[in-house]
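Remarks on the structure that follows.
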Amino acid sequence: MNDNPKIVSFDTTLSSFGKNTGIKIPDEIIEKLNAGKRPSLAVKVNGYEYQCTPGVMNGKTLLSFSSEHRKNSGLQGGDKIQVELQVATAPRKVEMSVEFHNALKESKTEEFFNILPNSLQRYHCDSINSSKTDDTRLRRIQKTVNLFKQGKKR
C-alpha cells in the first residue's frame, strides 16, 4: 500500500456477482483517503483509468466496473488487479453530442445546463447518447430543451 495520503493502492481480484462486476475496497483504504464514506474517486485498475463513486452493499464498499470498463480494459471478473485510488477533484467528464450542444445554444438554454450538477448533466447526456436511432435522439434532445425552457432540471 502507498503511504501517500493522496493516492492509495492495493492488490485484489475483480469481483463478479451475477451480471455485476466490481472492486471491493477495504475499510482501511477508505479511511486512509480521509474523504468520507463515498468520495468521488479517480480509479486506476491495471493502468485503465475511470472515475466513480463507491457504493455500499451488504456492508462492503464497492466500486462498479461496468461492461464498458471491462471491454475497454480487457479485464473480467476473477482477474487479479492492482488498484490505485485518489480523491477526484475534477468533475466527471460529460460527453455531449454535437446536436445536443447546438440545440442548447439555439434555444438559449446552455447556461441553464451548465449550472446543473454534474450528475444531472450526465443523466441528460447519457439519455441522449444511448439513443439507438436518430429520431429517438432528436426527440430526447427536444424534450430536454423544452424542460430547460420551463426551468425544470429533470
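The values are calculated or read from the model by the stated rules, or taken from the named source; none is laboratory data. In this text, all values refer to a predicted model and were calculated from it rather than measured experimentally. Cβ coordinates were reconstructed from backbone atoms using ideal geometry, including for glycine residues, and neighbour counts include every protein chain displayed. Note: accessible area is taken over every heavy atom of the protein model, side chains too, but ligands, DNA and RNA are not part of it. Shrake-Rupley method; radii C 1.70, N 1.55, O 1.52, S 1.80 Å.
At-a-glance table
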{"item": "Region 1-61 - percent relative contact order, Cα under 8 Å, separation 6 or more", "result": "24"}
{"item": "For the chain, calculated [θ]222 nm from helices alone, where every DSSP H run of n ≥ 4 adds -39500 (n - 2.57)", "result": "-10500 deg cm²/dmol"}
{"item": "Reach of Lys32 by Cα under 18 Å, taken over aspartates and glutamates that are not fewer than 8 positions away in the same chain", "result": "Asp3, Asp11, Glu84"}
{"item": "Unit charges on C-beta of K, R, D, E only; dipole of the chain, Debye", "result": "640"}
{"item": "Under 13 Å from the Cα of Lys105 - aspartates and glutamates, other chains or at least 8 residues apart", "result": "none"}
{"item": "Whether region 79-143 is rounded, prolate or oblate, judged on the alpha carbon gyration tensor where a/c under 1.5 counts as rounded", "result": "oblate"}
{"item": "Global form of the chain, assessed from the alpha-carbon gyration tensor, a/c cut-off 1.5", "result": "prolate"}
{"item": "D_trans [Stokes-Einstein, Kirkwood Rh over alpha-carbon pairs] for region 45-84, 25 °C, 0.890 mPa s, µm² s⁻¹", "result": "221"}
{"item": "Global geometry of region 22-103, whether rounded, prolate or oblate, following the gyration tensor of its Cα atoms and the 1.5 cut on a/c", "result": "oblate"}
{"item": "Accessible area of region 90-145 belonging to carbon and sulfur atoms, whole % at 1.4 Å probe", "result": "49"}
{"item": "Charge context of Lys105, other residues only, Cβ under 13 angstrom, K/R +1, D/E -1", "result": "-3"}
{"item": "Accessible area per residue in Å² at 1.4 Å probe, computed on the chain", "result": "64"}
{"item": "Dipole magnitude (debye, nearest 20) for region 1-90, charges at Cβ of Lys, Arg, Asp, Glu", "result": "280"}
{"item": "Restraint check, Lys6/Lys93; Lys37/Lys93; Lys6/Lys80; Lys44/Lys149; Lys132/Lys153, Cα-Cα greater than 32 Å", "result": "Lys44/Lys149"}
{"item": "Relative contact order (%) - the chain, alpha-carbon pairs under 8 angstrom, separation at least six", "result": "23"}
